[in-house]
Structure formats: structure tokens, C-alpha cells
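One structure below.
The values are calculated or read from the model by the stated rules, or taken from the named source; none is laboratory data. Because the structure is a prediction, the values reported are computed rather than measured. Methodologically, a virtual Cβ is constructed for each residue, glycine included, from the backbone with ideal geometry; neighbour enumeration extends over all protein chains shown. Areas reflect the complete protein model, heavy atoms only, side chains present, ligands, DNA and RNA absent. Shrake-Rupley method; radii C 1.70, N 1.55, O 1.52, S 1.80 Å.
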Amino acid sequence: MKVVAKNLNFTYSPKTKGLSFRALDNVNVEIKEGEIFGIIGKTGSGKSTFVQHINGLIKVQKGGGALKVGDYDLTDKKCDYKSLRAKVGMMFQYPEHQLFAETVFEDVAFALKNFAKDISAEEIAARVKEALSTVGLDYNEVKDKSPFDLSGGQKRRVAIAGVIVAKPEILVLDEPAAGLDPKGKREFLELLLRLHKDYVKTIIIVSHDMNLVAEYCTRAAVFSGGKIIATGTPKEIFSDKNIIEKSGLDLPLTAALTEKLKSKGIITDSDFTVEDFTEKLIVALKNGGKIR
Amino acid sequence: MRDVSFGSYFPSNSFVHKMDARAKILIAIAYMVAVFLVSAFHFLGFAACLLFVILATVVSKVPFLRVLKSVRTIIFFVVFSAILQLFFNKKGTVVFWVITDVGLLNAGFIIARIMLIVLGASLLTLTTSPVELADGIEGLLCPLKWIKFPVHEFALIMSIALRFIPTLIDETDRIIKAQKARGADFESGNIFKRAKALIPVLIPLLISSFRRADELADAMDSRCYAGSKTRTRYKKLRFTFRDLIGVLVVAGLIVGIVYLNGFYALNSLAEIAGAL
Ligand SMILES: Nc1ncnc2c1ncn2[C@@H]1O[C@H](COP(=O)(O)OP(=O)(O)OP(=O)(O)O)[C@@H](O)[C@H]1O
Ligand SMILES: [Mg+2]
């Protein structure tokens, strides 16, 4: 499923003078199947507002442009949001705050029961088991526990399982790694990559972590004041001083280092992933000479 | 979710906004008393109250629509009480089916009374920020300190509650969205189904409220908050000529209504006397 937004506009409280706020301003973007697409930009630039359009949590406003997700036309009044949401999973900051059920099993099964009414008990158990093991939890150990008795990291895994259990084709993540310690963050990213390999096709990720974006995203869109001011590969975005300046973003570490080493004449370029950067650096070091 | 109108502050710099919160609360209470004083079927009294609200709205520079919006939130309640009166009041003569003239008058009376009260109350909250409101109530309750009532703590509880309303609304919004993304459906089904659908929202909300309460307590402790004894105020409340004008106007309203009531009462007395 492809996500295509054309001239998407959105205004909060459009009818109340003084309170109304233009959060999206002519947003044009196309997110292809199979991408890990980054959404970056300063706080308040409209990132969350945009991604919540993708599964219809925020409805496209009248005259607000066009938005298509696969075959779903979100400007259509008759759009079937429920089946759309089964295909587009969404996870917010602190997803563990959505836990509510008495047991981990019940909580993870929640989405399944909502989306597929006539699903059998065995099928539910099988899917829950699969989802829990995908996020690295032991089914038999946790399934009957109260989600509130788990540790913070485990809670978050349960919450993730509760989203991916529906096997969405697109997974939208709004700052999902917030509040995790470095180890938790690393594990989370590994989990994401694993998901992308054999579970969900497309991942759309809102993040303030430029290192993450440079390392994992195929492409990204830069939001600023409700507009998209640039779309491209991390390499294209972080090489353009103009964009960095205008959007107020940080450079990823690899980009900053590449810049520095380029100015000293040690390496010529890298594509800003750790892998490629070290590769280029090693080649330069082996060639010797260039280091002063 | 953010445009819940009932009880939301409308910032402005008007005459009414600048009034002392204590005076505004007193005036609002006096106004409500006035509405209740209007005795049965003397709609002229209601007209006077309506005039008062309209006047106050004009002076406060709050758009009429904003004030009227507050009625929308309770319209169900109003209609319900009116219907009860219409169908179950057996007094008077039948004008249509089971509806009697007294029932009809009573229904109109109840609608007018509730609407006027809600209009007045929402005008108070539209022109007084929650913090001022809490300060005002604390000021008014001060005399209770004599009987060892913890006025300051009471006011603190109130202002914390008020302060957290927008936060709770945001939080509710977030949780509803998260559950909707997992296929929760709040819009279809009968009333029991819908009530059950709220569980996945209410439980996380409750838990996060406890968490917030804990965090707030820690934050207050770490800033050495120790209750009322040593605290001073940033904004002092002050009674000015504006408040005097307000008090005079509302006093006029009450006197007028009492006079009207007395006038009608005398009239009916005279009628009875005449009949004798
Ligand atoms: N419910 C709302 N009512 C009114 N304005 C809102 C609402 N939600 C967001 N806004 C405003 O819209 C703008 C865009 O908000 P949005 O949440 O999309 O930003 P964001 O890019 O996700 O920021 P962050 O990185 O802080 O999450 C902000 O200026 C915000 O103040
Ligand atoms: Mg956001």
C-alpha cells in the first residue's frame, strides 16, 4: 500500500477565531511500499497531525486536499476506517499508556477481536503467541500476568505486540523510542528492523533522533511550520545546509564527522550510515598519506 | 476535544474580566438567587434576568455565540425536564392530548430557569480564569478559617483539579486515539455496548491520573511546599469601583424581582379580597 497526499491542509478549531491554527499547509508526499520513511522537524511543525491522517484518526477536512492509502480514499465519506486501521497500525509516544486489560493476553488480543469479529479462539491464541514472541517475550511466562505488573520495557513490548498482532501492512510510529534507555532503544530499533523484514511492509517513523533517521530510513520528509520543505534520502537532506538551517534540525553524528573529515581532506564522502562511514574511513586510513 | 465550551476561559481585557473574582462570584450567586426568586409564571422577572445577562455579555466582549454554546452541553437535560413537566403534570385544564396549560407553563418556566442559570454560570467562567476563580473562592471562604476549616488546602485542591482539566482532556484524546488505532469503536452499538467500549479508555486514564498525582506531589515536595502559613500571592485581589457597579446592578435586579413578586402577590390578594 502506497500513501499519497496531495495538497493536504489541516486547521485545528477552524471555526473558533483566535483559537484556530493551521497545522498542515499544502503537504505533498508519496510514501512507497517497502520504505522506512522518516518524518522529521521541530516540535509543533505538524508531524503528528500528518501521520494521524494516515489511518483516519484525524479526518481530512473539507477542501483539505487529497489523501490515498492503498485503495482507500480518505476524502471519501464512505471510507471504511475500521478495515483501514487493521492495515495501518499506529503507535504513539509511550505506547504502554494504552494498556488496560486484566491480562497481557487480553490486551494483545484486543485489536484482533476488534478487527476480525469471527476469528476463532485458537487463531487468536496463535496470533497472540506469535506477536509476543516477535517482540521477544515468552508467551507462557507473561500471558496470564497483569500488564501493570511488568517492568517498563516489558510493558512497552506488550503494547507493541498489541499493535502488530493485527498484522498491519503499514506501521506508523510517532516518537516510539522516547523515554527508553540506550539499551532499550537499541533493542527497540533491532525489533523494528526485524518487523520490517518479516512482518510489516512499510514503516513510517516520526523521530527527533537524526542518527536513527540517517541510519535506518530509506527516505524522509522535513516538516517546518506545517509545510514539507524537503523530501529525499537522509544523504540528500543532511547534505543540504539550507534545509538544516531552515528546519532547525541537528545533523546526525555521521554527517557531522563526514563534513569535518572532508574539510580536512581525509575522506571524500559517505552516505551517512555508520557502516558506510567507517568503510570510507578505513579505506582512507589504509591509503595512509592523507592524514596529517 | 479542545473546544469544550462549558467552563472554558475567554481571554479579553474587558470591564468584566478586570473585576475582582470574589465580587464576580458573589454577583453570580446573587444573580442565581434572583433567577430562583422569580415566582411562578411571572415571566417579566425572567426578562429582567435575561437583560442582565445580555448586558453583562456585551460589557464582557465575549461573543454571544460562545455564551450560547454553553447551553448546548445541557440541552438534553433541559428538554428532559421540560418533557417531564409536559406529560406528567396533571394540574390545570387539558389543552391538547395529555398536556395541560399548567404543564405547558411549568415546562416554559423550567426551560427559562435552567437556561438563565447556565448562561450566568458560563459567563462567570468565560470571564474568570480558573486560577482567579480558585483565588476568589479561597478569598470568600476565608472567614471559615475561624472554625479551623482548611480553606487554603481546599482552594489548592480546587485549583489543581481545574488545572488538570485540559491535561485530562488531552490525555483522554490521546488514549482514545490509541485505542481507535487498535480498532476500538466508540460510535456504534447500543448504550451498553458503548459503555463497555469506554473501559479501555477509562482504565488507562485512571492509572495515568494516579501517576500524575504522584509526580505532582513529588514536584511540590521538592519545591518545599508547606501549605498556607508562609505563602504570599503574586496577584492580589482588589475590590474596585467596577465591582461596586456590578454589585449595585445585581442588587437592583433582586430588588426589582422582589418588588414584582410583591406586586403580583398584592394583586392576587386584592383579587381574593374582591371576590370576598
Ligand atoms: N488539538 C489541537 N488543537 C489546537 N492546536 C493543536 C492541537 N494539536 C496540535 N495543535 C497545534 O498544531 C501544531 C502541530 O502539532 P503537531 O502535534 O502535529 O506537532 P508535532 O510536529 O507532532 O510536534 P512534536 O514534535 O512536539 O510532537 C502545533 O503548533 C500544536 O500546537
Ligand atoms: Mg508529535
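Brief remarks follow.
- FRET efficiency, 1/(1 + (r/R0)^6) with R0 25 Å, evaluated for A:GLN93 and B:ASP221 via beta carbons: 0.40
- DSSP beta bridges fully contained in chain A are about 50 percent antiparallel.
- Cα Rg, Dmax, region A:252-292, angstrom units: 9.3, 28
- Relative packing of A:208-216, A:136-144, which averages over residues the other C-beta atoms within 10 Å, highest first: A:208-216, A:136-144
- Qualifying trypsin sites (Lys or Arg not before Pro) in region B:125-180, where qualification requires a DSSP coil assignment and no more than 10 other C-beta atoms within 10 Å, comprise B:LYS148.
- Most mobile listed residue (A:LYS227, A:LYS117, A:LYS82) in chain A, GNM with C-alpha springs under 10 Å: A:LYS117
- Rounded Å value of the spacing that divides the Cα centres of region B:167-206 and region A:59-88: 21 Å
- Averaged over B:164-176, number of beta-carbon atoms from partner chains that fall within 10 Å: 1
- Other-chain or far-sequence residues with amide H under 5 Å of A:ILE36's (modelled H): A:ILE203, A:THR218, A:ARG219
- For region A:38-185, the percent of C-alpha pairs falling in each 5 Å distance bin, counted from 0 to the bin holding the largest distance, reads 2, 9, 17, 19, 18, 15, 10, 6, 3, 0, 0.
- Here B:LYS90 is the anchor, and the aspartates and glutamates within straight C-alpha reach of less than 14 Å, apart from those fewer than 8 places off in the same chain, are B:ASP101.
- Short-range pairs are left out: with C-alpha atoms under 8 Å and at least six residues apart, the relative contact order of chain B is 30 percent.
- Theoretical FRET efficiency, 1/(1+(r/R0)^6), r = Cβ-Cβ of A:LEU180 and B:LYS236, R0 56 Å, to 0.05: 0.75
- Convex hull of alpha carbon positions in chain B: directionally averaged projected area 21.5 nm².
- Accessible surface for the protein assembly as shown, divided over its residues, is 55 Å² per residue with a 1.4 Å probe.
- Taking amide H as placed 1.01 Å from N in the peptide plane, the amide H of B:THR100 sits under 5 Å from that of B:VAL95, each at least 5 places away or on another chain.
- With 30 Å as the limit, the listed pairs A:LYS42/B:LYS177; A:LYS87/A:LYS241; A:LYS113/A:LYS197; A:LYS59/B:LYS69 have A:LYS87/A:LYS241 beyond it between alpha carbons.
- Summed side-chain charge close to A:GLY89 - residues other than A:GLY89 whose Cβ falls under 9 Å, Lys, Arg +1, Asp, Glu -1: +3
- Among B:ILE169, B:ILE199, B:ILE257, residue whose mean-square fluctuation peaks in a GNM of chain B (springs only between Cα atoms under 10 Å): B:ILE199
- Zone of A:ASP118's modelled label, taken as backbone nitrogen in region A:81-105 under 17 Å from a point 7 Å along Cα→Cβ: A:83
- Gyration tensor (alpha-carbon) shape descriptor, chain A, a/c threshold 1.5: oblate
- Chain B: DSSP helices with Cα axial extent of at least 18 Å and average Kyte-Doolittle hydropathy no lower than 1.6: B:21-37, B:43-60, B:75-88, B:101-127
- Scanning residues 5 or more positions from A:GLY41 or on other chains, those with amide H under 5 Å from its amide H are A:PHE223, with H placed 1.01 Å from N in the peptide plane.
- Taking every residue in A:95-102 and counting other chain Cβ atoms within 10 Å of its Cβ, the average works out to 6.
- For the residues B:ILE203, B:ILE111, B:ILE160, a GNM of chain B with alpha-carbon springs under 10 Å puts the largest fluctuation on B:ILE203.
- Note: relative contact order over chain A, using C-alpha pairs below 8 Å and six or more positions apart, is 22 percent.
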